[in-house]
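One structure is given below, encoded as structure tokens.
Computed from the coordinates by the stated procedures, all read-outs in this text should not be read as laboratory data. Everything numeric in this text was worked out from a predicted model, so none of it was measured. Because the Cβ atoms are built from the backbone with ideal geometry, glycine has one as well, and the counts that use them run over all protein chains shown.
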Amino acid sequence: MANMDPIKVIIADDHKIIRVGLRGMLEREEDIFVSGEAENSEEVMRVLETSHADVILMDIDLGETDGIVTTRKVKQLYPEIHVLGLTMHEEPNYIIKMLEAGASGYVLKNAGRDELLTAIHTVAKGDSYFSQKVSATLLQAITRQKENPDGLKKPIGPTPLSEREIEVLRLIAQEFSNGEIAEKLFISIRTVDTHRRNLLEKLQMKNTVGLVKYAIEKGII
């Protein structure tokens, strides 16, 4: 059986010492190949013209143009590339803006080696990954947005989703991977992927953060 191609990663960070450290760590992994580095938005786009990437590790503080804007550019021109936010910012507004720009995940720079590798492998498969602290911050922020002045959640409204779609959405919002959802619901991974695409299309959402917002708004989680 032939070996699978390594995950091609581009490191985008305006600090050279961070790029060097990340490259050194990632190059020790047999299934990861660092295909490029960039210190600002222009370099990211220039590197992508000649180097393929499956995943971009994207710092939010990326030179003169921030990583949120750069993420949006990348997803517009290269929608197949998965962007993983890697930053020190844990404020809700940064997290939400990054995900709305199209990022597949968000990890803090104080994460350990194992967590970063898990995040890279997760988003490379097409799933989303948020570190535990980021998940808690995101859910708290969205929940507060959906509460009324008395601090009570809005009542559950009507939804066009089927019971199965609601089950899948609930598990997506709880950050289960496609494989884990398939195992819990006794369906194939391909079926889960189809449900995920249908949810995005039916609810007119662009990414997972939109699905999470909807799930909270409707009281699904």
*Obtain the nm distance between the two label points defined at Met88 and Ile187 by a simple spin-label model: each point lies 7 Å from its Cα along the Cα-to-C-beta direction.*
4.4 nm
*Taking the Cα centre of each part, how many Å lie between segment 32-85 and segment 155-218?*
28 Å
*For segment 8-25, in order, what is each residue's ³J(HN,Hα) by Karplus, 6.51 cos²θ - 1.76 cosθ + 1.60 with θ = phi - 60°, in whole Hz (x at glycine and Pro)?*
8, 10, 10, 9, 10, 7, 7, 10, 4, 4, 5, 4, 5, x, 5, 4, x, 6
*Would you please give the residues with an amide H less than 5 Å from that of His82, counting only those at least 5 places away or on a separate chain, with H modeled from the backbone geometry?*
Val55, Ile56
_What do you get for trypsin sites (Lys or Arg not before Pro) in segment 12-67 restricted to DSSP loop and a cutoff of at most 16 other Cβ within 10 Å of the site's Cβ?_
Arg28
*Which whole number in µm²/s is D for the chain by Stokes-Einstein, with the Kirkwood Rh taken over Cα pairs at 20 °C and 1.002 mPa s?*
118 µm²/s
*Short version: ³J(HN,Hα) in whole Hz for each residue of segment 27-33, in order, from phi by Karplus 6.51 cos²θ - 1.76 cosθ + 1.60 (θ = phi - 60°), x for Gly and Pro, what are they?*
5, 7, 8, 5, 9, 10, 10
*Amide hydrogen neighbours beyond the local backbone of Phe130, cut-off 5 Å, H modeled*: Tyr106
_Suppose a student asked you for the relative contact order of the chain, using Cα pairs under 8 Å spaced at least 6 residues apart; what percent would you report?_
14 percent
*About the Cα centre of segment 7-139, how large is the charge dipole given +1 on each Lys and Arg Cβ and -1 on each Asp and Glu Cβ? Please answer in debye to the nearest 20.*
160 debye
_Alpha-carbon Rg/Rh ratio, for segment 18-136, with Rh computed the Kirkwood way_ = 0.92
_Range in the chain, longest, excluding exposed GluC sites (Glu not before Pro) [loop by DSSP; at most 11 other beta-carbon atoms within 10 Å]_ = 81-221
*Which whole-number percentage describes the relative contact order of segment 154-217, with Cα contacts under 8 Å and a sequence gap of 6 or more?*
38 percent
*Quick one: Karplus J couplings for segment 95-108, per residue in order, coefficients 6.51, -1.76, 1.60, θ = phi - 60°, nearest Hz, x for Gly and Pro?*
4, 5, 5, 5, 5, 5, 6, x, 5, 8, x, 8, 10, 7
*When the convex hull of the Cα atoms of segment 1-78 is projected onto a plane and the area is averaged over all directions, what value comes out in nm²?*
5.4 nm²
*Check Val34: other-chain or 5+ apart residues with amide H under 5 Å from its amide H, H built from backbone geometry?*
Val9
*Quick one: pull the percentage of alpha-carbon pairs in segment 154-217 with a separation above 21 Å.*
16 percent
*Using only Cα atoms, tell me the angle between helix 208-217 and the longest principal axis of the chain; keep it within 0 to 90° and round to the nearest 10.*
20 degrees
